[in-house]
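Report on the following structure.
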Amino acid sequence: MNNNNNNNNNNNTENLKELYKLSIKEIDNILLKEQSLNFSKIYQTQKQFTDFTIYCKEKKKENKKENKKENKKENKKENKKENKKENKKENKKENKKENKKENEKENSIKCHKIILNARSSFFDLFTKEKGENQIYFKEFDFEIVEPIIKYIYEGEININHQEFEKYFKFADIIRLEKLKIKIEKEIEPIINQNNIFEIFSKSKEIIQIFFLEICQNFVLKNYNNLLQKKKFQN
């Protein structure tokens, strides 16, 4: 078993050296799952070496609606000119294929499997057990998934506090414990009388004990002031 593990590590090291042109120290840090290094250059420039694709929800719903409108207009004009049922069916098929391909491009993130595996035990298990080179996260928006994938490479992320529960939920699914702690630390100091109810509600959605306890403690300390608010009374 030890020999197999050593061989795997050696292979990983050689692959990283060959594909990403990293130093030995940087490679060792990746294999040790350290989050401190910044691999933004790899994420931005080494796209030709990607071997794993992550699919998620559309970037913007507006784009999808706009595409539908445009396609309907084009189909309508084309059908009027040709006035044939066969052409109408053919156009629908072609547009569906084109839209599907376009959406997949817009909603996909190309990654390097070895870096995902080194950073996340979820991806490590998924790629080894399933043996697949792609995964679908249909529940999560592109705007949530992409920053977190970039975080895997760079160790840095700007969290939209208005949607903290989505970041936390996705981080929990792919087992990024350090990111979960980071989100907790960012949310705790911004809790106030104006957002306590919203944060508490979102914390219940993801069933996160840490946030719930913070909210409960805040309510106890500020009970009299909160009692005057309509939301609290309701």
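Mind running the shape call on the range 139-234? Use the C-alpha gyration tensor, a ≥ b ≥ c as the square roots of the eigenvalues: rounded below 1.5 for a/c, prolate if a/b tops b/c, oblate otherwise.
prolate
Within a Cβ distance under 10 Å of GLN162, other residues only, what is the Lys/Arg minus Asp/Glu net charge?
Summing Lys/Arg as +1 and Asp/Glu as -1 gives -1.
Expressed in nm to one decimal, what extension gain is obtained for the pair ILE173 and ILE207 from 0.36 nm per residue of sequence separation less their Cα-Cα distance?
10.9 nm
For a footprinting-style exposure proxy, rank PHE168, PHE142 by other Cβ within 10 Å, fewest first.
Ordered by Cβ neighbours within 10 Å, fewest first: PHE142, PHE168.
Enumerate the calculated ³J(HN,Hα) couplings along the range 190-198 in order (Karplus 6.51 cos²θ - 1.76 cosθ + 1.60, θ = phi - 60°), each rounded to whole Hz, writing x wherever the residue is Gly or Pro.
In residue order, the calculated couplings are 9, 5, 9, 5, 7, 10, 4, 5, 5 Hz.
Taking K and R as +1 and D and E as -1, what net charge do the other residues with C-beta under 14 Å from the C-beta of GLU139 add up to?
Every neighbour counted, the sum reads -3.
Mind running the shape call on the range 191-234? Use the C-alpha gyration tensor, a ≥ b ≥ c as the square roots of the eigenvalues: rounded below 1.5 for a/c, prolate if a/b tops b/c, oblate otherwise.
Because a/c hits 1.5 or more and a/b exceeds b/c, the range 191-234 counts as prolate.
Read the figures in this text as sums done on the coordinates, not as results from a lab. Predicted model, so just to flag it, every value in this text is computed and none were measured. Here Cβ is always computed from backbone atoms with ideal geometry, including for glycine, and neighbour counts include all displayed protein chains.
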